[in-house]
Amino acid sequence: MAADIFTSILEILIFGSSLALILSLISLGYSLVYGVGKVINLSHGMFYFLTGYLIFAFTKYLAIALPIGIILSLVIITGVGVLTYYALIKPFHENEIMVLIATFALGYFIFNIVLLTENVLNLNVIPGFIYLDGFIPGYFMVFDVQFTYYRLFVVVMSVGMIFAVIFFIRYSRFGKAIRAVSQDQDAAKLMGINIDAVLMFTVALSAFLAGVAAFLYVPFAPMMMGSGWDILLLSMSVVILGGMGSIPGTVLGAFVLSFSVKFCEYFINDLVGFQISSVFHLIIIIIMLMIRPRGILGKKEKV
């Protein structure tokens, strides 16, 4: 009995940590866009969804080599991020409601384009992606828990990307400009910082990070037609829990949410645990908004 509990706890730590790192990647971009431009991008989940779909289409139906398919997909989704800023966010930046409507419309448009393409070309992404099977084969054992080399690759890649973003924001010249804009746009503009360039770059970076998370995570979570909306809700849950615009808060929120979800799956009756875990992030949003609207590490908004 004690051995079973130890194994379950170890599985929660291992699988919860890998999920948390992926959620951190997805949510970092979402949090940055809000922190820099006070923009809530409702098409963010579709960046994840579209990247996964593009990789699937490139590798399976166009017979493009996997590395090239991944690179092409990341370039395309980063370009979509740039277009999203100039076409939908910049024109309505002063009107938060219009930005919400415009980005939601974009997400709905992407969803329906993928659905139409799938129907017309008779593609099938519902069973999930198998394009990474055998990409990094093999596994090793951590006590009684199987840990695949691909999962290790995901952990290393995710940690590397997260630290790269943090280092860039803190120490690079452009990163300092991003921080200046997030603190006070008017003062940053007076200092000669190009606000448009900073906001555009932030949206493009958020799309890129969501794309990286897509190619890393789809072997664990098969892509469904509603995956983009699920990812959007998870991202919102993470940043609300950790604190909107806070990078450390986003990472902390991702770990708290991931461990909580895995705990529900392992220690509650299978069916009930799955049902609770699938809506747990929504429960988190409601509770956090009631007791601490700015999140664990979020700062009070200036009035």
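Every read-out reported here was derived from the displayed coordinates using simple, explicitly stated rules and does not represent laboratory data. The structure presented is a predicted model; accordingly, all values stated were derived computationally and were not measured. Here the Cβ is made from the backbone with ideal geometry for all residues, glycine too, and neighbour counts use every protein chain on show.
Observations on the structure shown:
- Three-way shape label, the stretch 1-83, alpha-carbon gyration tensor, a/c 1.5: oblate
- Each of GLU94, GLU118 has some number of other Cβ atoms within 10 Å of its Cβ, and from fewest to most they run GLU94, GLU118.
- Likely footprinting exposure, LYS189, LYS60, LYS262, fewest C-beta neighbours within 10 Å first: LYS189, LYS60, LYS262
- Sorted by Cβ neighbour density within 10 Å, fewest at the top, the residues PHE49, PHE153: PHE153, PHE49
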